[in-house]
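Structure first, then comments.
The values are calculated or read from the model by the stated rules, or taken from the named source; none is laboratory data. What you see is a predicted model; the values in this text were computed from it and never measured. Here Cβ is always computed from backbone atoms with ideal geometry, including for glycine, and neighbour counts include all displayed protein chains.
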Ligand code: CA
């Protein structure tokens, strides 16, 4: 069934390519040169691929030593890779709000995962829709309010499920059988092929749930990596000395805080009998081997790391494989040349670094977001940018790509000059960060901070404790130099800079409210 359908499709696309080629020939003959130029200048389509908690350490284009992501790498090879894309607030819903509003969390209201987004705010999808784009949102939205600004939307409720997902739609809830990463992709492809108005440029948000906790690999990935050990990060056994009490009191260690479901001692509760049988065939023998070994101490931590990282990477692999299907479709449909493709993730993640999973801290692994952008004819293939860009800049960039004016109150800045390889001497030299969700899951204390190309200063303000790192000398951020006299000048400069940034971005002295009462 599947094969014959794809055969039919390839025949159909070959035929339509022929017709399209003739059409372009005819149009070119009948147009004056200025008309041809205006056809060439038509706004690009935008395919924005977002995943959830996908760390740059698990992307081969970023030098991963633990996996291969050939399809994401393709965007790097054919476009631009950003080395220093920094999230403003390293947690799911707040990062997404910053992406769509172009404003910091204290301005858009979503300081943490508890707050419901006010969807009457100005967001880039609405502006693109008003400018004539056909807009769609498919996958994980993770905002309590309904998607606004979309001609079509189908989103997971909350975190959604890895298997047999429900989707919220304008017509109510629907449910599907299968693996969510595949299903989101099928829906995205179906919209591209069948559901959109092809007279208009499109903007598709193709946003995955994966590889968010608790990592449930798809049926085709359950035994991937069983034949090897994944290299451990250098800081798996970090003891948190030489840092504030915040690093010591978090609850996100591989050693102590992964639960039964994270470690796959319990199968997901909603599998079909066939899925459960595949699941048990994969994890049953692995769990039995674990029981027989009766591990303890560091050996047990090492085993937990392997279990965690392999499941995480299995989820990533499905994202990469499915991205490949979408990129292939763009090629087949002759859409690649006029479609901007963006790959990013709502923030980074700890893959065992500092002994952790999860995110939230200003330390590099969760601060840095992967960002890769392909735009044939506009972005030099294989280019790498090292400017400090932020998720704050995504909305202005997408608007400028589409030729839409950026609202004056957006706090980010369009990355277009960087994408086109121009020098941008007035680009930001420092980036502001602010995390709020405490008390909360994983007990990461509230903090704000500033990062330059070399230094980082963080203030855990409810503890009145500071950290300062020299990333050149201490890239793993193991020793805070806050009390080191050698750095007193740099630290004072960064304190002044923090004050400047807080004024520039209008950060209030008292944190905005969280939905739940904060103790
Ligand atoms: Ca996330």
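Annotations for the structure displayed:
- Any hit, region 177-192, residues being buried (at least 18 other Cβ atoms within 10 Å of the Cβ) and part of a loop (DSSP other than H, G, I, E, B): no
- Looking only at residues in region 141-176 that are more than 30 Å from residue 276 (Cβ to Cβ) and within 16 Å of the ligand (Cβ to nearest atom), the one that is surrounded by the fewest Cβ atoms within 10 Å (Cβ to Cβ) is 144.
- Scanning region 332-353 for residues being more than 16 Å from the ligand (Cβ to nearest atom) and closer than 30 Å to residue 446 by Cβ gives a total of 2.
- Test for residue 341: is it over 25 Å from residue 228 (Cα atoms) and modelled with pLDDT of 95 or more: yes
- Among the residues of region 89-110, the ones that are assigned to a loop (DSSP other than H, G, I, E, B), within 15 Å of the ligand (Cβ to nearest atom) and touching a residue at least 60 places away in the same chain (Cβ under 8 Å) come to 3 in all.
- Region 354-372, residues that are crowded, with 24+ Cβ neighbours inside 10 Å, in a loop (DSSP other than H, G, I, E, B) and within 13 Å of the ligand (Cβ to nearest atom): 357, 359, 360, 370
- Condition met for residue 153 (within 14 Å of residue 52 (Cβ to Cβ) and under 20 Å from the mean Cα position of the chain (by Cα)): no
- Residue match in region 233-242 (condition: under 23 Å from the mean Cα position of the chain (by Cα), in contact (Cβ under 8 Å) with a residue 60 or more places away in the chain and either within 16 Å of the ligand (Cβ to nearest atom) or closer than 30 Å to residue 474 by Cβ (or both)): yes
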